[in-house]
1. Amide H neighbours of residue 157 under 5 Å, counting only residues 5+ apart in sequence or on other chains, H built in-plane at 1.01 Å?
2. Helix 91-103 versus the longest principal axis of the chain: what angle, 0 to 90°, nearest 10, using Cα atoms?
3. Which of the residue pairs 97/149; 11/52; 50/149; 52/177; 4/75; 70/113 have a Cα-Cα distance greater than 25 Å in the structure shown?
4. Give the percent of DSSP beta bridges with both residues in the chain that are antiparallel, rounded to the nearest 5.
5. Please report 182, 72 as a ranked list, fewest other C-beta atoms within 10 angstrom at the top and most at the bottom.
6. Taking the chain as a Gaussian network, where each spring joins two C-alpha atoms under 10 Å apart, which residue of 135, 12, 100 fluctuates the most?
7. Determine, for 173, 29, the number of other Cβ atoms within 10 Å of each Cβ, and report the residues in order from fewest to most.
8. In whole Å, what are the extents of region 18-109 along the principal axes defined by its C-alpha atoms, from largest to smallest?
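Just so it is clear, none of the values below were taken in a lab; they were calculated from the coordinates. Worth saying up front: this structure is predicted, and the values here are computed from it rather than measured. Neighbour counts are summed over all protein chains in view; Cβ atoms, including those assigned to glycine, are modelled from backbone coordinates with ideal geometry.
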Amino acid sequence: MTIKLTGNWAKGSAYDIHTLSSVYLGADEHGHDHWDSQRSEMGQLLYQLKYKNNLSTVSTIVGLLLSTYKGLETKHAIIPIAASRSRTTQPVAAVAKTLGASVGVPVYDALIKQPNKQELKNITDATERMSMLRGLITFDTANYDISGKNVLLLDDLYRSGATLTVATEVLLEAGAKSVVVLTLTKTRSKI
């Protein structure tokens, strides 16, 4: 399943929906919410990579992307979205590196996201999210040049599109000729 994503980018899509269904189970003794979630194939692979640090899922994820999206080798660079929190392995970067190696396209780890005290997923107002992100995401012009280049912007999860919108603005301001967005999954809701 491919889901069209509309935004300020030239073309965008999500490979699949993230969760097919979720049933709230309640909070544990520490006050953490628990859910019984049924995920799509890509959603489960991403969950394993992101929350269980299962690196063996990366090749399967890339295989699914390559079987669905043609022409990735025509891009001049693959740029992963900057991570919003520190992890042992950054999922988007790991997928980007393997995807880039598979299609012979360089991966530029060129987006910089300044630390933020408040989690973006907790901000439901789209205007507020965009405003906050505009002050946090920048492009590393000292080490990367994308002038006149067609770039693939890669992310793991599309929620509201705010992060991808601001990142696309940043890439176009840095001189990109065009930006194509690809996410592994998309949420069922738009917050």
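1. Answer set, sorted by chain and number: 184, 185.
2. Helix 91-103 and the main axis of the chain meet at about 40 degrees.
3. Pairs exceeding 25 Å: 11/52; 50/149; 52/177; 70/113.
4. 40 percent
5. 72, 182
6. Residue with maximal mean-square fluctuation among 135, 12, 100: 135.
7. Fewest to most other Cβ atoms nearby, the residues stand as 29, 173.
8. Projected onto the principal axes, the Cα atoms of region 18-109 cover 50, 27, 19 Å.
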